[in-house]
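S.K.: Before I ask anything, here is the structure I am working with.
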Amino acid sequence: MSAPLSADSRPALVAHARLQRDTARERWVVQAPERLFVLDEVAHAVLSRCSGTASVAQIAAELGAEFDAPVEEIRGDVLALLQDLADKGIVRDQPA
Amino acid sequence: MAGSTTQVEPPLALLAELTHRCPLRCPYCSNPTALEGRSAELPTEAWLDVMAQAGRLGALQVHISGGEPAARRDLEALVQGARAAGLYTNLITSGLLLDRARLQRLKDAGLDHVQLSVQDSEPVGADRIAGLDGAHARKLEIAAAVRATGLPLTLNAVVHRRNIAHVPDLIALALTLDAARLEVAHAQYYGWGLANRAALMPTRAQLEAATAEVDAARARLKGRLVIDYVTPDYYARRPKACMGGWARRFMVVAPDGAILPCHAARTIPGLEFPNVRSTTLADAWSHGDAFVRFRGTDWMQEPCRSCDRREVDWGGCRCQALAIAGDADAVDPACALSPLHEALVALAERESAGAPPPYRYRGSDA
Ligand SMILES: C[S@@+](CC[C@H](N)C(=O)[O-])C[C@H]1O[C@@H](n2cnc3c(N)ncnc32)[C@H](O)[C@@H]1O
Ligand code: SF4
Ligand code: SF4
């Protein structure tokens with residue numbers, strides 16, 4: 001099993017996953033072979049920032065500002081979301 | 001009578017079967033036993049139009065398959081067209097007709113992902129199943145070339161009585177080849193696979209051992225290797241939602257341009273299939289006889305009609321109902337509620353216990 005993500009991780013989508021607008025159904029999705037993840041507003045806000053350069057802490061800070069919510073709480077939610085996607089093989093930690 | 005034609009959700013994926021031509025002869029091959037020749041195949045422009053239409057219709061992915069899709073010299077152009085249509089583009093290949101330079105061209109054309117099949121974890125058995133000496137060694141080279149170009153790789157292995165004991169080795173091979181995903185698919189009995197069923201059918205004990213191996217490996221390799229496991233039907237208690245439900249998620253275009261709800265649908269007598277030469281994908285999807293016929297639940301008989309799983313598995317597989325029950329409208333005999341289920345299990349037990357008959361290789365007349 002790979003190392004769990006932390007606040008210092010710099011998450012990125014894996015090479016075979018693609019973030020895409022599904023115009024026919026007016027939603028955002030992540031595509032991978034034989035898999036489709038439908039994103040809600042928060043998941044899209046998180047994943048669209050997963051460039052491999054921003055850390056989880058930075059992403060949480062940005063979202064805190066955008067959604068006007070306490071950063072501590074957001075950080076836990078962001079981490080849980082990303083860890084779940086990492087376990088599903090969609091997100092990985094960009095090696096420094 | 002048939003399912004409703006209003007408010008139909010568009011398909012999520014297009015399966016583009018570019019050709020039936022293939023250098024291999026896998027006895028499990030799901031292609032029809034009556035294979036289309038090159039002269040029947042759609043030309044490049046027609047395929048490009050199919051890709052564009054699929055994107056407009058709302059499909060998100062295209063699986064480019066066959067036969068061996070690399071037998072088409074216009075594969076690069078078709079990949080480019082698929083990407084231009086906004087489709088996530090997956091190449092499903094035996095690898096045989098590819099090389100490093102062509103993989104690079106495919107990547108440059110926008111290919112997102114390669115799914116490479118292997119017939120076994122070791123060359124002797126693999127080549128015997130593939131019907132070609134040296135095939136396995138070529139595939140290992142191609143797997144390395146896929147990764148060297150930076151394309152993501154899924155390894156696909158169809159498992160059956162001759163290779164099912166090698167599931168742990170197939171998992172190890174996927175890791176060695178740096179695949180991000182492994183698909184272990186129990187052979188489904190369509191096309192050549194149905195003709196070879198007795199030579200392919202595993203015992204229940206073999207199946208359970210393989211399932212346990214996959215479960216353990218999934219836990220061990222979480223975050224490192226995704227393992228998709230396509231379970232077999234004959235020993236199941238409930239059927240799978242075949243194709244995610246008839247005409248709900250997938251649309252298939254066959255080499256000759258026929259538009260199908262599933263790649264085996266042509267075995268069902270009395271269905272009319274539209275063709276891209278005369279019908280749009282949108283029209284076929286919403287109104288085509290073959291699509292409307294088994295969409296939804298209106299067509300169902302008992303026990304499905306009043307079953308609470310009817311919108312979970314959509315009554316299972318129509319082609320299997322036809323193959324076993326002789327009636328495409330019947331409940332899938334893989335379901336324990338089918339009157340034919342016990343006979344199906346007995347048949348699987350009998351075939352798997354007997355000495356395997358010789359393979360009837362794809363493309364040979366025997
Ligand atoms: C028909 S093949 C065509 C593409 C290519 N020639 C290949 O074999 O990879 C498409 C995919 O279906 C798989 N397949 C073929 N026959 C099957 C069967 N009877 N049951 C399950 N999967 C099957 C193959 O391993 C491959 O991944
Ligand atoms: S499953 Fe085997 S025989 Fe069938 S198309 Fe693929 S490689 Fe060819
Ligand atoms: S009776 Fe029909 S709907 Fe119910 S589980 Fe069996 S196949 Fe599915």
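S.K.: Within the bounds of the stretch B:71-87, is there any residue that is part of a strand (DSSP E or B) and within 14 Å of chain A (Cβ to nearest Cβ)?
M.R.: no
S.K.: Among residues belonging to the stretch B:177-225 that are among the charged types (D, E, K, R) and within 16 Å of ligand 1 (Cβ to nearest atom), point out the one that is farthest from B:HIS20 (Cα to Cα). Break it down stepwise before answering.
M.R.: Here is the first cut: in the stretch B:177-225, the ones among the charged types (D, E, K, R) are B:178, B:181, B:183, B:197, B:204, B:208, B:213, B:215, B:218, B:220, B:222, B:224.
Now drop any that are not within 16 Å of ligand 1 (Cβ to nearest atom), which leaves B:181, B:183, B:197.
On the way: B:ARG181: 26, B:GLU183: 22, B:ARG197: 21 Å.
Among those that are among the charged types (D, E, K, R) and within 16 Å of ligand 1 (Cβ to nearest atom), it is B:ARG181.
S.K.: Continuing with the same structure: Can you find a residue in the stretch A:43-51 that is of a type in the set (A, V, I, L, M) and over 30 Å from B:LEU14 (Cα atoms)?
M.R.: Within the stretch A:43-51, none of the residues are of a type in the set (A, V, I, L, M) and over 30 Å from B:LEU14 (Cα atoms).
S.K.: Looking only at the stretch B:261-284, count every residue that is of a type outside the set (Val, Ile, Thr), touching a residue at least 12 places away in the same chain (Cβ under 8 Å) and within 19 Å of B:ALA52 (Cβ to Cβ) and tell me the total.
M.R.: Number satisfying all stated conditions: 6.
S.K.: For the stretch A:23-39, which residues satisfy the criterion of being facing chain B (nearest Cβ under 8 Å) and modelled with pLDDT of 95 or more?
M.R.: Answer for the stretch A:23-39, where residues must be facing chain B (nearest Cβ under 8 Å) and modelled with pLDDT of 95 or more: just A:VAL29.
S.K.: Determine which member of the set B:LEU42, B:LEU24 is modelled with pLDDT of 95 or more, over 19 Å from B:VAL252 (Cα atoms) and of a type outside the set (Gly, Ala, Ser). Talk me through it step by step, then tell me what you get.
M.R.: Details: B:LEU42 fails: over 19 Å from B:VAL252 (Cα atoms).
Only one candidate qualifies: B:LEU24.
S.K.: Moving on. Being within 18 Å of B:TYR234 (Cβ to Cβ) and surrounded by 15 or more Cβ atoms within 10 Å (Cβ to Cβ) is the requirement here; does B:ASP313 meet it?
M.R.: yes
S.K.: Tell me, which residue of the stretch B:330-366 that is of a type in the set (Asp, Glu) and buried (at least 16 other Cβ atoms within 10 Å of the Cβ) is nearest to ligand 2 (Cβ to nearest atom)?
M.R.: Residues of the stretch B:330-366 of a type in the set (Asp, Glu): B:332, B:342, B:349, B:351, B:365.
Right, trim to buried (at least 16 other Cβ atoms within 10 Å of the Cβ) and you get B:332, B:351.
Details: B:ASP332: 23, B:GLU351: 21 Å.
In this case the residue turns out to be B:GLU351.
S.K.: Has the stretch B:34-51 got any residue that is surrounded by fewer than 18 Cβ atoms within 10 Å (Cβ to Cβ), more than 9 Å from ligand 1 (Cβ to nearest atom), under 30 Å from A:GLU26 (Cβ atoms) and away from every other protein chain (no Cβ under 14 Å)?
M.R.: yes
S.K.: Conditions first: (1) under 21 Å from B:CYS242 (Cβ atoms); (2) more than 16 Å from ligand 2 (Cβ to nearest atom); (3) surrounded by 18 or more Cβ atoms within 10 Å (Cβ to Cβ). B:THR211 passes all but one, so which condition is the exception?
M.R.: For B:THR211, the exception is condition (3).
S.K.: Continuing with this model, one more query. For the stretch B:235-264, name all the residues that are at pLDDT 95 or above and in contact with an Asp or Glu (Cβ under 8 Å, 6 or more places away or on another chain).
M.R.: B:VAL252, B:VAL253, B:ALA254, B:PRO255, B:ASP256
S.K.: Can you pull out the residues in the stretch B:103-119 that are assigned to a helix (DSSP H, G or I) and within 12 Å of another protein chain (Cβ to nearest Cβ)?
M.R.: Result: B:LYS107, single match.
S.K.: Do you know which of the residues in the stretch B:120-164 that are within 14 Å of chain A (Cβ to nearest Cβ) and surrounded by 21 or more Cβ atoms within 10 Å (Cβ to Cβ) is nearest to ligand 2 (Cβ to nearest atom)? Spell out how you get there, then give the answer.
M.R.: Step one: filter the stretch B:120-164 for residues within 14 Å of chain A (Cβ to nearest Cβ), giving B:146-156.
Those still in the list that are surrounded by 21 or more Cβ atoms within 10 Å (Cβ to Cβ) too: B:146, B:152-156.
Working: B:VAL146: 16, B:PRO152: 20, B:LEU153: 17, B:THR154: 14, B:LEU155: 14, B:ASN156: 9 Å.
It comes out as B:ASN156.
S.K.: Still on this structure: Determine which member of the set B:ALA325, B:ALA334 is touching a Pro at 6+ places or on another chain (Cβ under 6 Å), small (Gly, Ala, Ser) and within 16 Å of ligand 1 (Cβ to nearest atom). Let's see the steps before the verdict.
M.R.: Working: B:ALA325 fails: within 16 Å of ligand 1 (Cβ to nearest atom).
Result of the check over B:ALA325, B:ALA334: B:ALA334.
S.K.: Of these, B:THR267, B:THR297, B:THR279, which one is more than 25 Å from B:ARG204 (Cα to Cα), touching an Asp or Glu at 6+ places or on another chain (Cβ under 9 Å) and among the hydroxyl-bearing types (Ser, Thr, Tyr)?
M.R.: B:THR297
S.K.: Is it fair to say B:ALA54 is buried (at least 24 other Cβ atoms within 10 Å of the Cβ) and either at pLDDT 95 or above or more than 16 Å from B:MET251 (Cα to Cα) (or both)?
M.R.: yes
S.K.: Given A:LEU63, A:LEU47, which one is more than 11 Å from every other protein chain (Cβ to nearest Cβ), modelled with pLDDT of 95 or more and within 14 Å of the chain's Cα centre (by Cα)?
M.R.: Only one candidate passes the filter, namely A:LEU47.
S.K.: Follow-up. Could you list all residues from the stretch A:63-85 that are more than 30 Å from B:ARG249 (Cα to Cα) and surrounded by 17 or more Cβ atoms within 10 Å (Cβ to Cβ)?
M.R.: Within the stretch A:63-85, A:LEU63, A:GLY64, A:ILE74, A:ARG75, A:VAL78, A:LEU79 qualify.
S.K.: Same structure again: Check A:LEU82, A:LEU5 and return the single one that is at pLDDT 90 or above and facing chain B (nearest Cβ under 10 Å).
M.R.: Exactly one of A:LEU82, A:LEU5 is at pLDDT 90 or above and facing chain B (nearest Cβ under 10 Å), namely A:LEU5.
The values are calculated or read from the model by the stated rules, or taken from the named source; none is laboratory data. None of these values were measured; they are calculated from a predicted model. Cβ: placed from backbone, ideal geometry, glycine included. Neighbour counts: every protein chain shown.
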